[in-house]
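The values are calculated or read from the model by the stated rules, or taken from the named source; none is laboratory data. Keep in mind it's a predicted model, so treat the numbers as computed, not measured. Because the Cβ atoms are built from the backbone with ideal geometry, glycine has one as well, and the counts that use them run over all protein chains shown.
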Amino acid sequence: MYLTYIDESGKPDMTDPEDEFVLAALSINEREWRRVDKIVAGIKRKYFPDLDPESFEFHTMDIISHRGMFKGLSIGTRYSMIEDMLNAASEINCHITSVVIRKNELKNPTLDVVCSP
């Protein structure tokens with residue numbers, strides 16, 4: 001069995017001013033999740049040694065935008081954090097899938113990316 005973590009960037013509705021909506025997924029075999037969890041917890045402890053790794057998540061937009069818990073970190077530290085996460089993704093046995101929807105290129109602009117019944 002595979003475990004899949006899904007996240008999005010942007011908003012799918014056409015009223016949102018962002019031109020793109022991105023949906024990404026990372027899938028790992030269930031036998032790998034403990035090892036992956038340890039890797040991610042290690043990165044969290046490296047940058048936030050006083051916090052419980054289970055108490056927070058990395059959100060790249062917050063890291064880049066210098067928001068929330070990342071506000072006190074230098075740009076060099078924040079980019080090192082992102083680099084550590086990308087290196088971890090390259091070291092684990094995973095599948096990454098992503099879709100970019102350019103909303104301004106949809107054939108029927110009256111339809112949202114997400115259709116409601």
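Of everything in the range 71-87 that's among the polar types (S, T, N, Q) and closer than 17 Å to residue 45 by Cβ, which residue is surrounded by the most Cβ atoms within 10 Å (Cβ to Cβ)?
Here is the first cut: in the range 71-87, the residues among the polar types (S, T, N, Q) are 74, 77, 80, 87.
From the residues that got through so far, the ones that are closer than 17 Å to residue 45 by Cβ too are 77, 80, 87.
Values: 77: 12, 80: 14, 87: 12.
Going through the qualifying residues, I end up with 80.
Name every residue in the range 70-88 that is assigned to a helix (DSSP H, G or I) and over 23 Å from residue 36 (Cα atoms), in order of residue number. Talk me through it step by step, then tell me what you get.
Pass one, the range 70-88, residues assigned to a helix (DSSP H, G or I): 70, 75-88.
75, 76, listed by residue number.
Taking the options 65, 116, 9, 90, name whichever one is of a type in the set (S, T, N, Q), surrounded by 14 or more Cβ atoms within 10 Å (Cβ to Cβ) and modelled with pLDDT under 95.
Details: 65 fails: surrounded by 14 or more Cβ atoms within 10 Å (Cβ to Cβ); 116 fails: surrounded by 14 or more Cβ atoms within 10 Å (Cβ to Cβ); 90 fails: surrounded by 14 or more Cβ atoms within 10 Å (Cβ to Cβ).
Being of a type in the set (S, T, N, Q), surrounded by 14 or more Cβ atoms within 10 Å (Cβ to Cβ) and modelled with pLDDT under 95 holds for just one of 65, 116, 9, 90, which is 9.
Within the range 42-54, identify whether any single residue is surrounded by 15 or more Cβ atoms within 10 Å (Cβ to Cβ) and small (Gly, Ala, Ser), and answer yes or no.
The initial filter retains those residues of the range 42-54 that are surrounded by 15 or more Cβ atoms within 10 Å (Cβ to Cβ), namely 43-44, 47-48, 53.
When the remaining residues are screened for being small (Gly, Ala, Ser), the result is none.
Looking through the range 42-54, none of the residues is surrounded by 15 or more Cβ atoms within 10 Å (Cβ to Cβ) and small (Gly, Ala, Ser).
Yes or no: residue 43 at pLDDT 95 or above and not acidic (Asp, Glu)? Let's see the steps before the verdict.
Numbers: at pLDDT 95 or above: yes; not acidic (Asp, Glu): yes.
Yes, satisfied.
State which residue pairs qualify: first residue of a type in the set (A, V, I, L, M, F, W, C) and inside the range 76-88, second residue not in a helix (DSSP H, G or I) in any location, beta carbons under 8 Å apart, and separation of 6 or more residues or different chains.
81/58; 81/73; 85/58
Take the residues in the range 19-48 that are among the charged types (D, E, K, R) and in contact (Cβ under 8 Å) with a residue 40 or more places away in the chain; name whichever of them is nearest to residue 87 (Cα to Cα). First the steps, then the outcome.
Keep residues of the range 19-48 that are among the charged types (D, E, K, R), which gives 19-20, 30-32, 34-35, 37-38, 44-46.
Subsequent filtering for residues that are in contact (Cβ under 8 Å) with a residue 40 or more places away in the chain retains 19-20, 32, 35.
Details: 19: 29, 20: 26, 32: 16, 35: 15 Å.
The selected residue is 35.
Just the residues that are in a loop (DSSP other than H, G, I, E, B), touching a strand residue (DSSP E or B) at 6+ places or on another chain (Cβ under 8 Å) and either within 11 Å of residue 98 (Cα to Cα) or modelled with pLDDT under 85 (or both), please, taken from the range 12-31. Give the derivation first.
Applying the first criterion (in a loop (DSSP other than H, G, I, E, B)) to the range 12-31 yields 12-19.
Next, only the ones that are touching a strand residue (DSSP E or B) at 6+ places or on another chain (Cβ under 8 Å) stay: 12, 19.
Scanning the range 12-31 gives a single hit, 12.
Looking only at the range 44-62, count every residue that is under 21 Å from residue 3 (Cα atoms) and over 15 Å from the mean Cα position of the chain (by Cα) and tell me the total.
3
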